[in-house]
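Every number here is computed from the coordinates shown, using simple stated rules; none is lab data. In this text, all values refer to a predicted model and were calculated from it rather than measured experimentally. Here the Cβ positions follow ideal geometry from the backbone for every residue, glycine too, while neighbour counts run over all protein chains shown.
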Amino acid sequence: MAAAVRPSKQGAAVSLALGAATISFAPVLVRSSSLEPGAIGFWRMALAAAVLSLFGLFGERRRATPLAFGLAALAGGFFAGDLFLWHRAIHEVGVGRATLLVNTHAFWVAALAALLAGERFPRRFPLQALLALAGLALLCAEDVRGGTWLPGGVANALMAAGLYGASYLALREGRRIERPLSASGQLAVAALVSALGLAVLSCASEQAPLAMPRGVELLRVAALAGGIHVGGWLLITRAAPWVPAARGALLLLLQPALSFLWGAIWFGERVGPIGCAGAVVTLGAIGWASGAFDRICRNVPCEAAAGRAVAVVANSTPHLVAHARRRGWANARVWQRRRLLTARKRRFGGARRGS
């Protein structure tokens, strides 16, 4: 099998920026659609599941464990709630504001990882969270003063951010266990469960549940599923490992920034000076937190969190416990100490050889 080709730094950065720009059109398509929020989410995920299943059929095949399927399904359930609430927030508070609020998921990921996996917060995390809250307060203050304050829409967007963070963590744990699903298989399972969850939510709360898209609406749904959910995220996931964390976090901020721009161009969403200041502060805090958290994830906690998840599930399966111990997942500090010792050996060994 041929080895994967590593892209250049510039090529990976361009790919990441293009992916972020692509997904910035998602709220525009949702806002311009006449379908109910749950219905458009259902058709988006159903088509995406079909496309991702084709990738899985012709791609890498693995014999995954039931736990891998369960974590992918759990991620899909969380993502169904995320899409449902975010789509509603887009209609309630606008394209730009809803997208910015949902992008606070970086803080939810850090909080949930600390709560569920025992990961430590980065030192600057409290300051980053306070900055983000201050920016959101400025953004909402302008709406309160102008009489357009919709607390329900803000709450929906923030809850969507929390569910997105939970979905991300479930997908991450699913990639770290023994015998995981392939990337396309994992996303296909998650998309299928998301479609089923959105069908239930749409039927339970909407007047025209699962209305069949026709004509222009069908083109919008196809663009959401194929161009944005599959194409945009494929560009991001393939480029992200080759882009430095801080630069990647900044490039991904193109999504909420461009969504603000598209909202102003297509729907006349205006933001005053106070709101603009709040958006800039929030974007800065998100970028700062995303870069710091991404660096942490690339070092210790990803393995540590996976070790804790494996340890909980594997109490009745001795071979998984043995595998966890061999990999050093059972103790994050041991795993970190091993990395530090290896780095020191390489550094001092190279220095001795050079002398």
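Quick notes on this structure:
- For a paramagnetic label modelled on SER32 (point 7 Å from Cα along Cα→Cβ), amide N atoms under 17 Å away belong, within segment 94-115, to 94-96.
- Going from the residue with the fewest nearby Cβ atoms within 10 Å to the one with the most, MET45, MET212, MET159 rank MET212, MET159, MET45.
- Pair ILE265, ARG247: separation of 7 Å Cα→Cβ label points (nm): 2.6 nm
- Computed from backbone phi with θ = phi - 60° and the Karplus coefficients 6.51, -1.76 and 1.60, the 3J(HN,Hα) list for segment 100-108 is 5, 5, 5, 6, 6, 4, 4, 6, 5 Hz; x is used for glycine and proline.
- Between the beta carbons of VAL280 and SER8, assuming R0 = 25 Å, the FRET efficiency works out to 0.20 to the nearest 0.05.
- Using 0.36 nm per residue and subtracting the Cα-Cα separation, the extra length available between LEU341 and VAL200 on full extension is 45.6 nm.
- Karplus-derived 3J(HN,Hα) values for segment 151-166, using 6.51 cos²θ - 1.76 cosθ + 1.60 with θ = phi - 60°, are x, x, x, 5, 4, 4, 5, 5, 5, 4, 4, x, 5, 5, x, 5 Hz; glycine and proline are entered as x.
- Per-pair calculated FRET efficiency, R0 = 45 Å: ALA208 and PHE121 via Cβ, rounded to 0.05: 0.55
- Neighbour-count ranking [beta-carbon atoms within 10 angstrom, fewest first] of PHE260, PHE55, PHE42: PHE55, PHE260, PHE42
- Table column - 3J(HN,Hα) (Hz), segment 24-29, Karplus curve with 6.51, -1.76, 1.60, x for Gly and Pro: 5, 7, 4, x, 5, 5
- Listing LEU54, LEU139 from fewest to most neighbouring C-beta atoms within 10 Å gives LEU54, LEU139.
- Compared with the direct C-alpha span, the chain from ALA114 to ALA21 gains 30.4 nm at full extension, assuming 0.36 nm per residue.
- Enclosed volume per residue, in Å³, of the convex hull spanned by Cα atoms of segment 9-295: 132 Å³
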